[in-house]
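Each value in this text was obtained by applying a stated rule to the coordinates, not by laboratory testing. In this text the structure is predicted, and so the values were computed from the model without any measurement. Methodologically, a virtual Cβ is constructed for each residue, glycine included, from the backbone with ideal geometry; neighbour enumeration extends over all protein chains shown.
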Amino acid sequence: MSKENRRKFIKKASLGGLLLLGTNLKAGENFLEMPENAFANRKFTANDKIRIGFIGCGIQGLANANSASKVSGVEIAAACDLYDGRLTMMQEKFGKDVKTMRDYRQMLEMKDIDAVCISTSDHWHDHIMKEALKAGKAVYCEKPMMHHLDEGMTMVEAEKKSGLKVQVGSQRVTSLETLKAAELYKSGAIGDLILIDTRNDRNSSNGAWQYSIPTDASPETVGWDAFIGDAPKRPFDKTRFFRWRNYDDYGTGVAGDLFVHLFTALHVITGAVGPSKIYGTGGLRFWKDGRDAPDVTLGLLDYDKSANHPAFNVQMRVNFVDGSGGGSHVRLIGTEGVISVEGDGVTVINRPVRTEPTYGGWDSFGTFSEKQQQDFKKWFEATHGNDFRYKIKSPQEIKYSLPEGYNAHAHHWQNFIKALRDGDKIVEDTTFGLRAAAPSLGANMSMKAGKPLLWDPVAMKMM
Ligand SMILES: NC(=O)c1ccc[n+]([C@@H]2O[C@H](COP(=O)([O-])OP(=O)(O)OC[C@H]3O[C@@H](n4cnc5c(N)ncnc54)[C@H](O)[C@@H]3O)[C@@H](O)[C@H]2O)c1
């Protein structure tokens, strides 16, 4: 059966009630509702537009500009980048009126810019965010919020001091499947949370950050000295510039880059603010192209009990050499089932833990003598009755799929613009951003130190 037909089949079956699949598994599929366009019925004049400048116009900067441009009343007003080709590209995509520049400080001086979007390499986030807030600009800043742990609190303080809106750009905070998983978790769908199993694996050269390097890359077309910023000085190196993620000087490794999405999702779903113990390990196993970042990182995290959740453990993984084909999931495993955020939706499987006393199968019962087996049976039935096998509830599975055409990134942007226009609460402020990025960086720090680290997620500091 094709994927499309299977979808229709399951949908049809779910309309008529639950469908029996395989051994006693009851399954159904529902579709999550497309969020409303908050600005659908509002008209904006040229004077009423929110004008945004984009600092860093590479892969994610372009994605941000595309998503922002889908929100009514937003104007892509300016673009700043250190590779000239990307400035040309921004005008090609968004029109010749987009003001372009290499130096972001020029953009911060523009009186008619309301907000800036920072999509530079990680090592520039803190500097640009703080300067932008000082200049009175609201900020949308990409994840991971910071490059080094100690930068985080300075960003939280800058946001507070400015009184301006800052949104961090991990769109899983907004995404329908994360929110549905949170609703399911809070409704008690899986009983008590025991463990979260989560991964973000890849299996290709692009996936392993060997991004294309333009043939015209040169010291003339690239602002190399500006790119270096607070990183150690070195001569022009186009590989480092276009594949900066592979180097600790500018990026945060696979943990900083990708664990952060997993922490973001699990913090939204459970209401947790962070682990108390962080253990990271891993290494560079395959992509030995000169990079110093690992291509495999594993994290083990302990979360203490809080008002929102019991104590639980997390196992987290990024593997860039995933022979099984890559993929990402966040699975919350509880006493009565599993919530799995994966692929195009969220699935809840209820398979209650079997606590009823039983005997037989892989059990010591078969090792008893025949006489003892008979005596045991008599004793068991007198004590527990003989219908114990029928008390066990059959497992059931319900999938909540994303609606056709849903775009979490555009949704995240809509939230940001709504906060700017109507004063709505920011869904992902710097405190949230710090709490997702810190354990990601902590996993790298633990890997380097070769020992677990203790983190205070409330005070947001290493112990
Ligand atoms: N939210 C997500 O799902 C998501 C996805 C991808 C990337 N990101 C984040 O977005 C950021 C950018 O990643 P990318 O893949 O777009 O990288 P990229 O290399 O494609 O683009 C980065 C751009 O930033 C520019 N830049 C660097 N320093 C600058 C400075 N001081 N002033 C002006 N421009 C500067 C570079 O010239 C480059 O064009 C990273 O922090 C990354 O973690 C987020």
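Against the main long axis of the alpha-carbon atoms of the chain, helix 408-422 sits at an angle near 60°. Which shape class applies to the chain: rounded if a/c is under 1.5, otherwise prolate when a/b exceeds b/c and oblate if not, where a ≥ b ≥ c are the square roots of the Cα gyration tensor eigenvalues? It is prolate, given that a/c is not under 1.5 and a/b is the larger ratio.
Axis angle, to the nearest 10 degrees, between helix 260-270 and the longest C-alpha principal axis of the chain: 50 degrees. Distance from the C-alpha centroid of the stretch 81-101 to that of the stretch 263-294: 34 Å, rounded to the whole angstrom. Neighbour counting of Cβ atoms within 10 Å sorts the residues Glu157, Glu131, Glu356, fewest neighbours leading, into Glu356, Glu157, Glu131.
By the count of other C-beta atoms within 10 Å, a proxy for reagent exposure, Ser72, Ser121, Ser170 are ordered fewest to most as Ser72, Ser121, Ser170.
Can you list which of the GluC sites (Glu not before Pro) found in the stretch 397-460 are DSSP loop residues with at most 13 other C-beta atoms within 10 Å? Write down the numbers at each step before the final one.
Values: sites: Glu397, Glu404, Glu428; in loops: Glu404, Glu428.
Here the GluC sites (Glu not before Pro) that fit, given the DSSP loop and packing criteria, are Glu404.
In this label model, Glu131 and Asn66 are separated by 2.8 nm, measuring between points 7 Å along each Cα→Cβ vector. Among the trypsin sites (Lys or Arg not before Pro) within the stretch 198-243, those in coil by DSSP and having at most 13 neighbouring Cβ atoms inside 10 Å are Lys233. Entry note, the chain: relative contact order of 21 percent, from Cα contacts under 8 Å with a spacing of 6+ residues. Phi angles of the stretch 354-370 translate, via the Karplus equation with coefficients 6.51, -1.76, 1.60 and θ = phi - 60°, into HN-Hα couplings of 8, 9, 5, x, 8, 8, x, x, 7, 8, 6, 3, x, 8, 7, 5, 4 Hz per residue; Gly and Pro are given as x.
Phi angles across the stretch 454-463 convert, under the Karplus curve 6.51 cos²θ - 1.76 cosθ + 1.60 with θ = phi - 60°, into 3J(HN,Hα) values of 9, 10, 9, x, 7, 6, 6, 8, 6, 8 Hz, Gly and Pro given as x. Close amide H pairs (under 5 Å, H built 1.01 Å from N) link Gln167 with Val139, Tyr140, Cys141, residues at least 5 positions away or on another chain.
For Lys99, the residues whose modelled amide H falls within less than 5 Å of its own, excluding neighbours fewer than 5 places apart on the same chain, are Ala78, Ala79.
A simple charge model with +1 on the Cβ of Lys and Arg, -1 on the Cβ of Asp and Glu and nothing else charged puts the dipole of the chain at about 740 debye relative to its Cα centre.
Taking θ as phi - 60° and the Karplus parameters 6.51, -1.76 and 1.60, the scalar couplings of the stretch 88-96 work out to 4, 4, 5, 6, 4, 7, 10, x, 5 Hz in sequence order, x denoting glycine and proline.
On C-alpha positions alone, give me the angle between the axis of helix 151-162 and the longest principal axis of the chain, in degrees, nearest 10. Orientation of helix 151-162: about 70 degrees from the principal axis.
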